[in-house]
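Just below is one structure, and these are the notes that go with it.
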Amino acid sequence: MRSVIDILDLTESEIDSLITVSDDIISNPAKYARKCAGKKLATLFFEPSTRTRMSFEAAMYELGGNVISMTDAASSSAAKGESVADTVRTVSCYADIIAMRHPKEGAALVAAKNALVPVINAGDGGHCHPTQTLADLLTIHREKGGFDNLTVGLCGDLKFGRTVHSLINALARNKNVRFVLISPEELKLPSYVKDASLKSKGIPYEQTTDLEKVIPSLDILYMTRVQRERFFNEEDYLRLKDSYILTPEKLKNAKEDLCVMHPLPRVNEISVEVDRDKRACYFKQVFNGKIMRMALMLKLLQEDSK
Ligand code: NCD
């Protein structure tokens with residue numbers, strides 16, 4: 001039985017195969033329509049979500065399987081004080097695979113240790129979000145044809161943004177990648193990510209507060225929302241929330257083939273006028289997220305039945 005808690009739980013060659021399967025799902029969806037017939041996915045969401053939960057569910061339906069869902073922690077036994085360990089042990093009796101989102105870092109690991117079926121981390125606090133990274137990797141692969149020789153700008157809340165942490169961990173395994181980390185001083189990338197993924201591997205990176213200065217050098221610009229729910233006080237959030245707003249004006253100095261990404265939801269980070277720019281890739285990420293979740297669940301369920 002195999003769970004995916006961190007993107008590094010998947011090897012580079014496994015991610016390559018997930019991309020190959022995803023490209024095939026996009027070209028031949030009918031071939032996959034019954035692949036998970038008779039299987040059940042349980043979605044356990046202890047935190048708000050639109051895309052992640054619905055895309056897991058849509059993915060399982062498109063594989064011919066079924067879904068049972070806990071969408072609101074307040075109406076579950078968690079509200080009575082049940083532990084994550086007991087909840088997943090229970091849900092393992094009802095489902096063949098579990099996708100779980102939780103506000104606490106490490107909750108997904110606890111779930112994986114106690115579940116009797118594979119667990120997929122759909123976000124644990126400000127820590128990891130591996131399936132968003134799979135969506136991001138498929139998008140980059142389809143837009144850029146691969147991962148090498150890219151200058152990747154990550155902009156916004158690099159401290160609490162779990163999608164950023166997982167994406168850096170994944171891309172830092174590739175050759176000749178270079179990162180530009182754009183954030184306010186208070187929201188810089190945590191040193192545990194910087195040390196393990198960048199410094200120890202000698203991956204070049206630059207830290208700046210100035211998006212406009214670095215935008216011309218970027219191949220990828222990954223915008224993120226300031227993570228209000230992880231702040232200790234509202235004043236800091238209000239001061240920092242609109243630090244970066246991408247507009248058509250700012251994009252004038254960017255490369256013609258820049259890929260503008262965002263895990264969504266956006267608040268103010270990208271003005272809606274940018275949606276018409278051919279470089280806007282964030283709604284492609286949403287579509288690719290469903291496809292990669294199909295490929296991942298198929299893989300884990302096939303491995304589990306061996
Ligand atoms: C992200 C998340 O939940 O971390 N959303 C998502 O899953 N696409 C990003 C965010 O909430 O800002």
In the range 242-262, residues that are more than 14 Å from Gly153 (Cα to Cα) and buried (at least 19 other Cβ atoms within 10 Å of the Cβ) total 1
Is it fair to say Thr224 is within 19 Å of Leu181 (Cβ to Cβ), surrounded by 11 or more Cβ atoms within 10 Å (Cβ to Cβ) and polar (S, T, N, Q)?
yes
So Ser3, is it in contact (Cβ under 8 Å) with a residue 24 or more places away in the chain and buried (at least 17 other Cβ atoms within 10 Å of the Cβ)
yes
Could you check how many residues of the range 93-119 are within 13 Å of the ligand (Cβ to nearest atom) and surrounded by fewer than 22 Cβ atoms within 10 Å (Cβ to Cβ)?
2
If I ask for residues that are over 25 Å from Arg279 (Cα atoms) and within 16 Å of the ligand (Cβ to nearest atom), which ones from the range 199-230 would you list?
Arg228, Glu229, Arg230
Of the residues that sit in the range 159-181 and are of a type outside the set (Gly, Ala, Ser) and part of a helix (DSSP H, G or I), which one is farthest from the ligand (Cβ to nearest atom)?
Leu171
If I go through the range 263-286 residue by residue, how many of them are within 16 Å of the ligand (Cβ to nearest atom), surrounded by fewer than 17 Cβ atoms within 10 Å (Cβ to Cβ) and more than 17 Å from the chain's Cα centre (by Cα)?
2
State which residue is surrounded by the most Cβ atoms within 10 Å (Cβ to Cβ) when the search covers only the range 52-82 and only residues that are away from the ligand (no atom under 16 Å from the Cβ) and among the aliphatic types (A, V, I, L, M).
Met60
Out of (1) within 15 Å of the ligand (Cβ to nearest atom); (2) at pLDDT 95 or above; (3) in a loop (DSSP other than H, G, I, E, B), the one Ser49 does not meet is (2)
Among (1) within 16 Å of the ligand (Cβ to nearest atom); (2) closer than 25 Å to Asn169 by Cα; (3) at pLDDT 95 or above - the single one Ile245 does not satisfy
(2)
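State yes or no: is Thr43 assigned to a helix (DSSP H, G or I) and either out of contact with any Lys or Arg (no Cβ under 7 Å at 6 or more places or on another chain) or at pLDDT 95 or above (or both)?
no
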Can you find a residue that is modelled with pLDDT of 95 or more and under 11 Å from the mean Cα position of the chain (by Cα) anywhere in the range 149-161?
yes
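Does any residue of the range 120-128 turn out to be of a type in the set (Gly, Ala, Ser), under 23 Å from Ile291 (Cα atoms) and either within 14 Å of the ligand (Cβ to nearest atom) or outside any helix (DSSP H, G or I) (or both)?
Going through the range 120-128, the residues of a type in the set (Gly, Ala, Ser) turn out to be 122-123, 125-126.
After this cut, where a residue has to be under 23 Å from Ile291 (Cα atoms) as well, the list is 122-123.
Of the ones still in play, those that are also either within 14 Å of the ligand (Cβ to nearest atom) or outside any helix (DSSP H, G or I) (or both) are 122-123.
Within the range 120-128 (the criterion being of a type in the set (Gly, Ala, Ser), under 23 Å from Ile291 (Cα atoms) and either within 14 Å of the ligand (Cβ to nearest atom) or outside any helix (DSSP H, G or I) (or both)), the answer is yes, since at least one residue qualifies.
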Considering only residues that are basic (Lys, Arg) and either over 17 Å from the mean Cα position of the chain (by Cα) or within 12 Å of the ligand (Cβ to nearest atom) (or both), which ones fall in the range 133-148?
Lys144
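The values are calculated or read from the model by the stated rules, or taken from the named source; none is laboratory data. In this text the structure is predicted, and so the values were computed from the model without any measurement. Note that we place each Cβ from the backbone using ideal geometry, even for glycine, and neighbour counts take in every protein chain shown.
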